[in-house]
C-alpha cells in the first residue's frame with residue numbers, strides 16, 4: 001500500500017515486497033524473544049531453523065524518553081531451543097510484513113502538519129521522503145527534488161522521531177487488541193540488508209536490528225593499516241613535518257596548550273547554593289547595542305553586513321550547497337574538519353572533481369579528524385555495492401584539478417572550521433562536515449551568507465590555504481603582509497543585517513570572550529544547544545545566569561558519538577537541573593552549536609567545550625538582528641524544545657559517569 005501520489009517504493013511501501021525475496025533473505029516467519037538488552041530471533045531457513053542474537057547497551061533515559069539503538073544480529077552456532085513460558089525470555093508479537101505500510105501511514109499522520117502543503121522531510125537510513133497534505137486533506141508522499149513548487153519544508157523528522165511515532169502507534173494498537181508490549185516488525189527499509197525493528201512500548205525503546213556487516217574492518221580496510229596511518233599522521237606529519245614547516249605557529253600552539261593546562265590544573269568547581277533557585281524574573285532583555293560595543297573592544301572584531309539564511313539539517317543544506325557548487329563561475333573553496341570516505345562524501349567529491357575542470361577548486365581539511373572519521377564504522381548502511389576509497393585526498397586529486405591541502409595537528413590542535421565559499425560571493429558556515437551523519441543522521445545547521453561579510457571569510461581562507469602549503473609560516477606571513485586589501489564587493493542588498501565573524505585561533509579566543517560576555521550580561525533568556533557541554537566554566541555561567549532570574553534552557557542529545565560525553569552530559573544535566581536550568585534531551589544526536597542570549601545569536605563550528613573555545617581553529621557568526629534572532633528562536637529552539645524530552649527528575653548516574661565528567665571537563 002502506497003500513499004496517494006507516491007510513484008516509487010518509499011516510506012510506506014516495503015523495499016522487500018515478495019514472498020520470494022523474504023525467503024531469499026531468510027526472514028520467513030520469525031519468532032522473537034527478549035530478555036533485558038538481548039533479543040533472539042528464530043528464523044525459518046531452507047536448512048531448518050536459524051537462531052540469531054543481538055545485544056545492546058541500556059540507556060540512562062530508557063522508559064522516560066524514547067530511545068532508539070542499533071544492534072547487529074549474529075548467528076548462534078549452537079542454536080538453542082525456543083524458551084518456554086517459565087523462562088525469563090519474553091515473547092514478542094511478530095507482525096506480518098504487510099502491516100508495515102499501515103503502521104508507517106499512522107506514524108506519518110502523527111508527524112505531519114495538517115496544514116495544506118506544509119511539508120515534513122522524513123530521513124530514514126538511505127532515503128528521504130517529503131510528506132504533506134493537499135488542499136483536500138489527503139496525505140501525500142514525494143521525493144525531495146520532486147516535491148511540488150507549493151510544498152514548503154517546515155519540519156525535518158529524524159529516524160529517532162519516526163521510531164517514537166511507531167512506538168505511539170503500536171501502543172494504540174496494543175491497547176486495542178490487548179497484546180503484549182513488545183513487537184517485532186520487518187519494515188524492509190534497507191534494500192541491501194535484511195532488517196528488523198524491535199519495539200518495546202513499555203520501555204519506549206526501539207532497536208534497529210540489521211544483518212551482519214561484511215567481515216574484517218567495518219570500513220573495508222585492515223585495522224592495522226588504519227592505525228598506522230593515524231599514528232604516522234600524528235607523529236611524522238604533525239610533530240615533525242608540521243613543526244619544521246611551521247615553527248612559529250607550532251610554538252604558539254604549544255604555548256596555548258600550556259596556558260590551558262595551567263588554567264585547568266585545578267578544575268573549576270560547580271557552585272552550590274542554599275535553597276531553591278529563584279523564579280524566572282522575566283526582566284527586559286539587555287541592551288544589545290551596549291553588548292555589541294563591548295564585543296568590539298573585547299574581541300577586536302567589527303560588525304559587517306550581509307544576508308543570513310538559516311539551513312537546518314542535511315536535507316535543507318546539502319541540496320542548496322549542490323546548487324551553489326553547480327552554479328560556481330570562478331572558484332570553490334572548502335575548509336572542513338572532516339571529509340569522510342563514505343558514499344555521501346564521495347558523491348560530493350565527485351561533484352568537486354567534475355567542477356574542477358571549469359573553476360578553481362581547493363579543499364583544506366583537518367588531517368587527523370578526517371582519518372579518524374574514515375576509520376569509524378557508519379551508523380547507517382551505505383548504498384548497495386559502494387566501495388570506499390582508501391584516501392579522500394587521493395580520490396579528490398586523482399584525474400581532476402582539485403587542489404587539496406591538510407591542516408596538520410601539532411600538540412593535538414585541530415582545524416574544526418566548516419566554511420564553504422563559492423565565487424567569493426556566497427559562504428556557508430556552521431557545524432556540518434562532509435559525511436553520512438551530517439546528510440542523513442544528525443540534527444545540525446549551517447548559515448548561508450552573502451554580501452560584504454563573505455569578503456572577510458574569503459580572505460581568511462586564503463591565509464589558511466597559504467599556511468597549509470609548503471612554505472608554512474613563511475607563506476602565511478608573505479600573504480598577510482604583501483597581499484593588498486581585498487576590494488569590497490557589490491554593496492549589500494537591502495535585506496542585509498549586521499553580522500560579526502568570530503573565531504577561535506591560537507592565543508586569540510574571540511568566541512569564548514563573546515559567549516561569556518553575553519551570558520554574563522543576560523537579563524531575560526539564555527538558550528543553548530550543543531552536543532559536547534564539557535566546559536565547567538560555561539556551566540557555571542549558565543547557573544549564575546539562572547540564579548539572577550534569567551530563563552536558562554539547555555538542549556543536549558539523547559546519545560553522543562564521542563566516548564564518555566554522554567555520561568558527562570548527563571552528570572552536567574543533573575547539576576543544571578538542581579539549579580533551576582531547564583534541560584531538554586533531544587531525540588538522537590544533535591550536533592547543533594547555537595546560543596540565543598536576549599536576542600543575540602551565536603552559530604557556527606565551535607562547541608561549548610575547551611577544545612573549541614581555547615585550542616582548535618573555529619569560525620562562528622553572530623548577530624543582534626531581531627528578525628534573524630526571531631527566526632532562530634522559532635525554527636531552531638522552540639521547535640527543538642517541542643520535540644525534545646524535558647528533564648523533570650535527575651538522570652540515574654554512577655561512579656563511571658562522574659569519572660567521565662571529571663576527566664572530560666578538561667577538554
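The values are calculated or read from the model by the stated rules, or taken from the named source; none is laboratory data. On a predicted model such as this, the values are computed, not experimentally measured, just so you know. Neighbour counts are summed over all protein chains in view; Cβ atoms, including those assigned to glycine, are modelled from backbone coordinates with ideal geometry.
Condition check ((1) out of contact with any strand residue (DSSP E or B) (no Cβ under 7 Å at 6 or more places or on another chain); (2) at pLDDT below 70; (3) not in a loop (DSSP other than H, G, I, E, B)) across all residues:
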site	(1), (2), (3)
191	yes, yes, no
206	no, no, yes
209	no, no, yes
250	yes, no, yes
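Residues to consider are 284, 267, 276; find the one that is assigned to a loop (DSSP other than H, G, I, E, B) and surrounded by 10 or more Cβ atoms within 10 Å (Cβ to Cβ). Spell out how you get there, then give the answer.
On the way: 284 fails: surrounded by 10 or more Cβ atoms within 10 Å (Cβ to Cβ); 276 fails: surrounded by 10 or more Cβ atoms within 10 Å (Cβ to Cβ).
Of 284, 267, 276, the one residue that is assigned to a loop (DSSP other than H, G, I, E, B) and surrounded by 10 or more Cβ atoms within 10 Å (Cβ to Cβ) is 267.
Out of all the residues in the stretch 263-278, which are under 33 Å from the mean Cα position of the chain (by Cα) and farther than 14 Å from residue 546 by Cβ?
263, 264, 265, 266, 267, 268, 269
Does residue 200 satisfy the criteria of being under 30 Å from residue 103 (Cβ atoms), outside the structural domain of residue 377 (by TED's automatic domain parsing) and modelled with pLDDT under 85? Please lay out each step first, then the result.
Working: under 30 Å from residue 103 (Cβ atoms): yes; outside the structural domain of residue 377 (by TED's automatic domain parsing): yes; modelled with pLDDT under 85: no.
The answer is no for residue 200.
Could you check the stretch 593-609 and list, in sequence order, the residues that are outside any loop (DSSP other than H, G, I, E, B) and closer than 20 Å to residue 522 by Cα?
Answer for the stretch 593-609, where residues must be outside any loop (DSSP other than H, G, I, E, B) and closer than 20 Å to residue 522 by Cα: 594, 595, 596, 597, 600, 601, 602, 603.
Suppose the filter is at pLDDT 95 or above and within 17 Å of the chain's Cα centre (by Cα); does residue 356 pass it?
no
Could you check the stretch 325-342 and list, in sequence order, the residues that are crowded, with 21+ Cβ neighbours inside 10 Å and farther than 18 Å from residue 461 by Cβ?
340, 341, 342, listed by residue number.
Please go through the stretch 547-586 and give me each residue that is within 21 Å of residue 441 (Cβ to Cβ), part of a loop (DSSP other than H, G, I, E, B) and touching a strand residue (DSSP E or B) at 6+ places or on another chain (Cβ under 7 Å), ordered by number.
Answer for the stretch 547-586, where residues must be within 21 Å of residue 441 (Cβ to Cβ), part of a loop (DSSP other than H, G, I, E, B) and touching a strand residue (DSSP E or B) at 6+ places or on another chain (Cβ under 7 Å): just 558.
Wholly within the stretch 44-142, which strands (runs of 3 or more DSSP E) include no fewer than the required count, namely at least 1 residues that are within 30 Å of residue 567 (Cβ to Cβ) and not assigned by TED's automatic domain parsing to the domain that holds residue 641? Break it down into steps so the answer makes sense when it comes.
On the way: elements: 48-55, 67-72, 118-124, 127-133, 139-142.
Where strands (runs of 3 or more DSSP E) fall fully within the stretch 44-142 and carry at least 1 residues being within 30 Å of residue 567 (Cβ to Cβ) and not assigned by TED's automatic domain parsing to the domain that holds residue 641, they are 48-55, 67-72, 118-124.
Condition test on residue 514, is it touching a strand residue (DSSP E or B) at 6+ places or on another chain (Cβ under 6 Å), within 20 Å of residue 621 (Cα to Cα) and assigned by TED's automatic domain parsing to the domain that holds residue 643? Can you show your working first?
Details: touching a strand residue (DSSP E or B) at 6+ places or on another chain (Cβ under 6 Å): yes; within 20 Å of residue 621 (Cα to Cα): yes; assigned by TED's automatic domain parsing to the domain that holds residue 643: yes.
Here the answer is yes, as residue 514 does meet what is asked.
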